[in-house]
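A.B. asks: Provided herewith is a single structure, encoded as structure tokens, for subsequent inquiry.
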Amino acid sequence: MVIVTASDNNFVPGLFLFIFSAWLHNREAKFVVIDAGIEPASVMELRRFCDRNGIDCQLVQADGKRISDLPTRGKLLTTAAYARILIPEILPDCDKAIYLDADTLVVSDLGALWLADLGDNLVAGVVDGFVEQEELDDIQMSRNEYINSGVLVMNLVAWRREGIADRVFATVRETAKSRYLDQTALNTVVRGRVLFLGREWNFFSERHVEIERRLPKVIHYAGSAKPWRYRRVPFADVFNFYRTLSGLDIPEGVLLLKSARRRKMILGLIGLRRKYWSSALATYYYRRRFTKPHLRSLGKMFSKVPLPPQHSTAVRERDAQLPTFS
């Protein structure tokens, strides 16, 4: 199994937890991290972490010449987003790869994802479902065929044979005003040759109320409210449990979302408004069906098979603060 991600310095805390969580559930996987602007100190720390734990992880540099002139959208959509398009070139001897964004958390075995039969399809992915209609109209695509690019299974043989990377980059340059740039360009090029996956493989944490109820296998902390920056974001407790287990000095979110949002929630619940009660019920559902059972099983796993020493101050936090669930 080959698992690839890409990151610049904006996503380093998520990157470390992504590697840890994916390895924890997929011990035999080979990892490739495309470095699209990670500080040298973080690169060294990632190498040390992988060496200590026996994680088969290769770091490769993104080809800056291929992506440096492509349009971006602030810190959330940098040139690092284009690195995934270069995977067929970076892995010339591989026929297939799983790509996951650095702000995802893997909470299951990815074997079924790896074994997905792509056939002649270029990618497998999950329907996004939340892209603005204007964006869809611009590329004449329906909502149920536009996929999110945060989790992909890629047919690398077909990509190389058909020059898909060059076609995606050319489309980005033609549609530079689109909101989602690489994602919209990718959808335009692979349209009609997509194997659609279930929502559990790309579970949007911020949209858990609106999406169909599936127990997540990959949690995607898409959007601006990252759990290493903000407190109380959906499924932050899962992220923080893995953070503690890892023994890494990854920051816990300290910023608070706007208090007005919390006040609206409280008033909505008091006023018996359906919108707010739906949110509360969804939160209760996932906490009961997923979060508590999952974290309980992780706690049992680590009581039997502890990680190697991390030589980090965070180890004391891991040993002293592991939550218990009755």
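A.B. asks: Within segment 197-210, restricting attention to residues that are hydrophobic (A, V, I, L, M, F, W, C) and more than 20 Å from residue 135 (Cα to Cα), which residue is farthest from the chain's Cα centre (by Cα)?
C.D. replies: Applying the first criterion (hydrophobic (A, V, I, L, M, F, W, C)) to segment 197-210 yields 197, 201, 203-204, 209.
Adding the requirement that they be more than 20 Å from residue 135 (Cα to Cα) leaves 197, 201, 203, 209.
Details: 197: 15, 201: 10, 203: 9, 209: 18 Å.
Within segment 197-210, the match that is farthest from the chain's Cα centre (by Cα) is 209.
A.B. asks: Pull up segment 134-164, narrow it to residues that are open to solvent by 10 Å² or more (accessible area, probe 1.4 Å) and small (Gly, Ala, Ser), then point me to the one that is farthest from the chain's Cα centre (by Cα).
C.D. replies: Selected residue: 163.
A.B. asks: I need every pair where a residue in segment 180-193 that is at positive phi has its Cβ under 6 Å from the Cβ of a residue that is part of a loop (DSSP other than H, G, I, E, B), sequence separation at least 6 or different chains.
C.D. replies: 181/71
A.B. asks: Ok, one more. Is it true that residue 18 is at pLDDT 95 or above and either open to solvent by 10 Å² or more (accessible area, probe 1.4 Å) or of a type outside the set (Val, Ile, Thr) (or both)?
C.D. replies: Working: at pLDDT 95 or above: yes; either open to solvent by 10 Å² or more (accessible area, probe 1.4 Å) or of a type outside the set (Val, Ile, Thr) (or both): yes.
Criteria met by residue 18.
A.B. asks: State which residue is most open to solvent (accessible area, probe 1.4 Å) when the search covers only segment 65-91 and only residues that are of a type in the set (Gly, Ala, Ser) and either outside any helix (DSSP H, G or I) or without any contact (Cβ under 8 Å) to a residue 12 or more places away in the chain (or both).
C.D. replies: Narrowing segment 65-91 to residues of a type in the set (Gly, Ala, Ser): 68, 74, 80-81, 83.
This time we only want the ones that are either outside any helix (DSSP H, G or I) or without any contact (Cβ under 8 Å) to a residue 12 or more places away in the chain (or both), so: 68, 74.
On the way: 68: 85, 74: 57 Å².
Ranking the candidates gives 68 first.
A.B. asks: Which of the residues spanning segment 211-230 are within 13 Å of the chain's Cα centre (by Cα) and assigned to a strand (DSSP E or B)?
C.D. replies: 218, 219, 220
A.B. asks: Separate question: Kindly indicate whether residue 234 is touching a His at 6+ places or on another chain (Cβ under 7 Å) and either modelled with pLDDT of 90 or more or open to solvent by less than 20 Å² (accessible area, probe 1.4 Å) (or both). Talk me through it step by step, then tell me what you get.
C.D. replies: Values: touching a His at 6+ places or on another chain (Cβ under 7 Å): yes; either modelled with pLDDT of 90 or more or open to solvent by less than 20 Å² (accessible area, probe 1.4 Å) (or both): yes.
The answer is yes for residue 234.
A.B. asks: Search segment 133-152 for residues that are at pLDDT below 95 and pair each with any residue that is among the charged types (D, E, K, R) and assigned to a helix (DSSP H, G or I) when their beta-carbon atoms are under 7 Å apart and the residues are at least 6 apart or on different chains.
C.D. replies: Every condition considered, the pairs that remain are 136/143.
The values are calculated or read from the model by the stated rules, or taken from the named source; none is laboratory data. Just so you know, these numbers come straight off a predicted model, no measurement behind them. A quick note on method: Cβ atoms are made from the backbone with ideal geometry, for glycine too, and the neighbour counts reach across all protein chains shown. Just the protein is used for accessible areas: all its heavy atoms, side chains included, with ligands, DNA and RNA removed. Shrake-Rupley method; radii C 1.70, N 1.55, O 1.52, S 1.80 Å.
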